Structures are given as structure tokens and as C-alpha cells.
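Report on the following structure.
The values are calculated or read from the model by the stated rules, or taken from the named source; none is laboratory data. Since the model is a prediction, treat every value here as computed from it, not as a measurement. For neighbour counting, all protein chains shown are included, and Cβ atoms are generated from backbone atoms with ideal geometry for every residue, glycine included. Keep in mind that these areas ignore ligands, DNA and RNA; they rest on the heavy atoms of the full protein, side chains included. Shrake-Rupley method; radii C 1.70, N 1.55, O 1.52, S 1.80 Å.
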Amino acid sequence: MLDREGFRPNVGIVLLNQKNQVFWGKRIRSHSWQFPQGGIDRGETPEQAMFRELHEEVGLRQEHVRIMARTRDWLRYEVPDCYIRRDARGHYKGQKQLWFLLQLEVYDWNLNLRATSHPEFDAWRWNDYWVPLEVVVEFKRGVYQSALTELARHLPRASALHSRHPRAGARGRATLGSAAGPRSAGAVDSASNTPALAPIRTLPLPCLPSLPVASDAVPSSAIWAVEP
């Protein structure tokens, strides 16, 4: 579904934890990191598309998050021809996006990169709000900068963060940061007191080879991925 100018309507998601850090996912078959995003299907509202993409890409549902803000207008980026299928060249130009700022209301072990049979990410991490844009594919950097700048005014204040605690969610268990035993193959979890850099483990899929990640391509805080 394209508009008259050749842009596909799309939603982007900035997901906050209790420290105002943002979810950062590593795309399969790539060393590039990005926020969750996806197209708006015909008949969907932007909010409906956002909740669908939230579940498909990171395994969260509407009850796991709270909407803090949304960008007022569409933010557009053009996709270079080398990234566009031949049959789409000439009429597909790029993406126009509405961005949502979400607050995670449950523990982050509710995140699940394998919520569907077609995962988008094979690793994830929490990053400071102002993410290092040099690890974002170049043609998306301007939109990321604009979205983060517009949404920054809606970040929770530190005092509010300290007074709130995440809910246990559907699988109530150990408190945040405590030992919770081995992680299951279908879920991802992390603790706030992890070392500065944790090993990356790629998502094992029958049709996809495991891809190593160059250490110089990885930003400088904890990274978690799906257990084999």
C-alpha cells in the first residue's frame, strides 16, 4: 500500500525500560541495529499496526506497555535503488513513518524474538536514549534523529521512574536482576546488573546460517540474544 508519492505508511517503535533506555534490535543477516518498525496494513489504524508489529518483532502485547507519545506528522526516508526490488523500482520510493514512544510495564524477560516464524532480529540490547546513529543504516539516520528529538520531551522524569516498578506479567517469577535459572529457547531476558558487554548469540533457524557479529560493529553495553 503506497501513497501517491510512492511512500509506504509505516510505524516505528521506541520502547523504554525503567531507566529510560531504549530497545535496540540487530537485524538478521546484518550488523545493523534498529528500532522495531513495520508497515501499516490496509484497514489498520497506526496504533493497531504498532501493537501488531510490537508482538511480531519483540513478542510483547498491548498490556505489556503504555503509550507515552506519538510523533505529530509523518517522517519520511527514501530507500536507495540498491535496496529496492527490481519490480518495485519506479513506483516505490521509501517509507513514511509515525513513531510511538512506549514504556515497558513488565519485566524484560517477556521479550521474545521468536514470537512468530519470521523473526526480524537475532539479538537485542538496552541502549541509552540517544542511540549511536553510526550503527543505523545511513538512509534512516535523519528520521531516527527527528523521531528521538520530538519524543524526548515526553520521557518520564527520573523521580517518576524510581517510584514505579514493572508488573510481573503473565509469568510471574523472580524479581528483576535476581537469578532466574536457565533462559528458555523461546524467550529473551536480561538483568540490569549485567556486565558491560555480554556475548552475542545468534538466532538459530533451519533456513538461516548463524552469523558472527564483528565486535567493532557492536555498541558498548549489554547485548542479549535467543538461546540455542
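Any residue in segment 74-89 that is part of a strand (DSSP E or B), open to solvent by 80 Å² or more (accessible area, probe 1.4 Å), more than 19 Å from Tyr107 (Cβ to Cβ) and touching a residue at least 12 places away in the same chain (Cβ under 8 Å)?
The answer is yes, given that some residue of segment 74-89 is part of a strand (DSSP E or B), open to solvent by 80 Å² or more (accessible area, probe 1.4 Å), more than 19 Å from Tyr107 (Cβ to Cβ) and touching a residue at least 12 places away in the same chain (Cβ under 8 Å).
Assess whether Leu101 counts as being open to solvent by less than 20 Å² (accessible area, probe 1.4 Å), assigned to a loop (DSSP other than H, G, I, E, B), modelled with pLDDT of 95 or more and over 14 Å from Arg8 (Cα atoms).
No, not satisfied.
Which numbered condition in (1) closer than 22 Å to Arg72 by Cβ; (2) in contact with an Asp or Glu (Cβ under 8 Å, 6 or more places away or on another chain); (3) of a type outside the set (Ser, Thr, Tyr) is the only one that Trp130 fails?
Among (1) closer than 22 Å to Arg72 by Cβ; (2) in contact with an Asp or Glu (Cβ under 8 Å, 6 or more places away or on another chain); (3) of a type outside the set (Ser, Thr, Tyr), Trp130 violates only (2).
Would you mind stating whether Arg8 is open to solvent by 40 Å² or more (accessible area, probe 1.4 Å) and out of contact with any Phe, Trp or Tyr (no Cβ under 9 Å at 6 or more places or on another chain)?
No: the conditions fail for Arg8.
For segment 64-73, give me each residue that is within 17 Å of the chain's Cα centre (by Cα) and open to solvent by 90 Å² or more (accessible area, probe 1.4 Å).
Hits for segment 64-73 are Arg66, Arg70.
Would you confirm whether any residue within segment 91-99 is closer than 20 Å to Ser32 by Cβ and basic (Lys, Arg)?
No, the conditions are met nowhere in segment 91-99.
Restricting to segment 104-120, what's the tally of residues that are of a type in the set (Ser, Thr, Tyr) and open to solvent by 40 Å² or more (accessible area, probe 1.4 Å)?
2
Out of Arg89, Arg52, report the one residue that is in contact with a helix residue (DSSP H, G or I) (Cβ under 9 Å, 6 or more places away or on another chain), more than 21 Å from Asn20 (Cβ to Cβ) and charged (D, E, K, R). Steps first, answer last, please.
Values: Arg52 fails: in contact with a helix residue (DSSP H, G or I) (Cβ under 9 Å, 6 or more places away or on another chain).
Only one candidate qualifies: Arg89.
Condition test on Tyr144, is it part of a helix (DSSP H, G or I) and of a type in the set (Ser, Thr, Tyr)? Walk me through how you get there before you give the answer.
Numbers: part of a helix (DSSP H, G or I): yes; of a type in the set (Ser, Thr, Tyr): yes.
Against the criterion (part of a helix (DSSP H, G or I) and of a type in the set (Ser, Thr, Tyr)), Tyr144 qualifies.
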